[in-house]
1. Of all residues in the stretch 155-194, which are within 16 Å of the ligand (Cβ to nearest atom), polar (S, T, N, Q) and within 18 Å of L207 (Cα to Cα)?
2. If you scan the stretch 28-68, which residues turn out to be in a strand (DSSP E or B) and among the acidic types (D, E)?
3. From (1) outside any loop (DSSP other than H, G, I, E, B); (2) within 16 Å of the ligand (Cβ to nearest atom); (3) farther than 16 Å from F88 by Cα, pick out the condition that doesn't hold for Y293.
4. Looking at (1) more than 16 Å from the ligand (Cβ to nearest atom); (2) basic (K, R); (3) crowded, with 18+ Cβ neighbours inside 10 Å, which is the only condition R149 fails?
5. Scan the stretch 123-132 and tell me whether some residue there is among the aliphatic types (A, V, I, L, M) and within 11 Å of the ligand (Cβ to nearest atom).
6. In the stretch 205-261, how many are among the aromatic types (F, W, Y) and either within 16 Å of the ligand (Cβ to nearest atom) or on the phi > 0 side of the Ramachandran plot (or both)?
7. Take the stretch 262-282 and flag every residue that is surrounded by 20 or more Cβ atoms within 10 Å (Cβ to Cβ), touching a Pro at 6+ places or on another chain (Cβ under 9 Å) and on the phi > 0 side of the Ramachandran plot.
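The values are calculated or read from the model by the stated rules, or taken from the named source; none is laboratory data. Please read these numbers as outputs of a predicted model, since none were measured by experiment. As a convention, Cβ positions derive from the backbone with ideal geometry for all residues, glycine included, and neighbour counts pool all protein chains shown.
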Amino acid sequence: MTDLQPADAAELDALDRRHLIHPFQRGDVTDRVVIVRGSGTRVWDSHGNELLDATGGGNWHSHVGHGRTELAEVAAAQIAELEYFTSFLEFGNDKAIRLAARLASLAPRDINRVFFTSGGSEGVDTAFKAARLYHGRRGEPDRTWLLARHFSYHGATYGSGTATGFPPMQMGVGPNLPHVEKLMPPYVYRSELFNGSDPTDFLINELEQTIERIGAGNIAAMIGEPVMAGGGVLTPPADYWPRVREVLRRNGILLIADEVVTGYGRTGAWFDSEGRGMEPDIITSAKGISSGYAALGAVLMSDEVAETITSGPGLFHGYTFSGHPVACAIALANLDILEREELLANALSIGDWLRTGLAPAKELATVGDVRVEGAMAAVEVVSDRDTRTPMDWMAVEKVAFRARRLGVVVRPYGNMIVLSPPLVFSSEDAKRATNALVEVLSDLGTDGTLA
Ligand code: PLP
């Protein structure tokens, strides 16, 4: 229980409205939920309401769950020992070094080098610079183009934001990063995107044509989430990444796997790209690396890419808090918990429970598709199942608000409801979350009204 009094809750609400600008704040939403405490799979708001967190802290990041005192102790001990000293130039610290080595041991093949950031967007920008620098240093400075995909989220800085496949990210803030081209995603449910062809055949053909149009000698890299999370848990056909990889390799184009969501166990593997045949040159990661106990991201690179960009004139790039020892100490302890409690395996069990719990939703007139991959799920809400017309997003927000009233936090994403629970979710948690969601969706009419 929180010891906040109702008066405090009202004051917080007023101060929030007056002073705090929320990321992705919308002008038309007046609702505020002030979270003041968390423990395991639960959080409490300033009014004392207990909420089941089916979102992994709201941003797919809380792998080990909330309120882990052992991580608080690790942070306190590290602050007492060394709160921070730069990692620039020849300096470093023991925790950043140990974490880099640990990540290299978990990463596939020749991915052995790590550059730390404070989050995913900085990581994606770092990866873009690394890819361009790599080619430039190898005598191909014209390789500046970056290939990304519609419906993919990569971040909110100018670089990562331009690569993001949601147009509102680029609107009104132009000019955006030049030389970014978007391809179609492997959104199999939307078969109309592929003109009746096999999705992978269509997408490979589009990729080949795009490379021909821009010129292979002008393209630095392609970026892609192994499974598109924010796009609505879009798992590609099994042959998609191996075939993309082959085309890119043939054309000398690097592949960046954006594992900011999928990394560190969300789909049951340390790095999802490995089992999907991506064989990336660079992996961006964040979120689950520290389960949100510190702001941290890691860009993992192949030996070849790292050696090329750090040799000669070196790498003129870095952030003040790259390799922050407190964040890195927390991340090391967080990885210990993931291993000790076998949370990667639990992610797969969570997937099974979500699949079972959401099965009844497939029968509803307003549900077009239910997709589950590891510990994440998306319910695609439609106003017409035959035409697959997306439900108005405001109606989908009402579904999320109603679920919260039933004590479960889920996330609306356009016409989808997404679940990405902490990897400590139990079968009871999964049952409660899916029951609540199915109950609310059952009350949703095809006209968007909630009974
Ligand atoms: N890449 C992916 C796949 C993401 O989902 C996100 C954030 O949700 C980012 C990058 C950006 O990370 P951050 O918000 O930590 O900057």
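1. The one that is within 16 Å of the ligand (Cβ to nearest atom), polar (S, T, N, Q) and within 18 Å of L207 (Cα to Cα): T164.
2. From the stretch 28-68, those in a strand (DSSP E or B) are 35-40, 42-45, 50-53, 66; that's our starting set.
Across the stretch 28-68, the qualifying residues are D45, E50, D53.
3. In the conditions (1) outside any loop (DSSP other than H, G, I, E, B); (2) within 16 Å of the ligand (Cβ to nearest atom); (3) farther than 16 Å from F88 by Cα, Y293 misses (1) alone.
4. Condition (1) is where R149 drops out.
5. yes
6. Kept after step one, since they are among the aromatic types (F, W, Y), are these residues of the stretch 205-261: 240-241.
With either within 16 Å of the ligand (Cβ to nearest atom) or on the phi > 0 side of the Ramachandran plot (or both) added as a condition, the list becomes 241.
The total comes to 1.
7. Correct list: E279 only.
Residues checked against (1) closer than 29 Å to S191 by Cα; (2) buried (at least 17 other Cβ atoms within 10 Å of the Cβ); (3) touching a Lys or Arg at 6+ places or on another chain (Cβ under 8 Å); (4) not basic (K, R):
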| position | (1), (2), (3), (4) |
| --- | --- |
| L358 | yes, yes, no, yes |
| A365 | yes, no, yes, yes |
| G374 | yes, yes, yes, yes |
| D386 | yes, no, no, yes |
| A395 | yes, yes, no, yes |
| N415 | yes, yes, no, yes |
| S426 | no, no, no, yes |
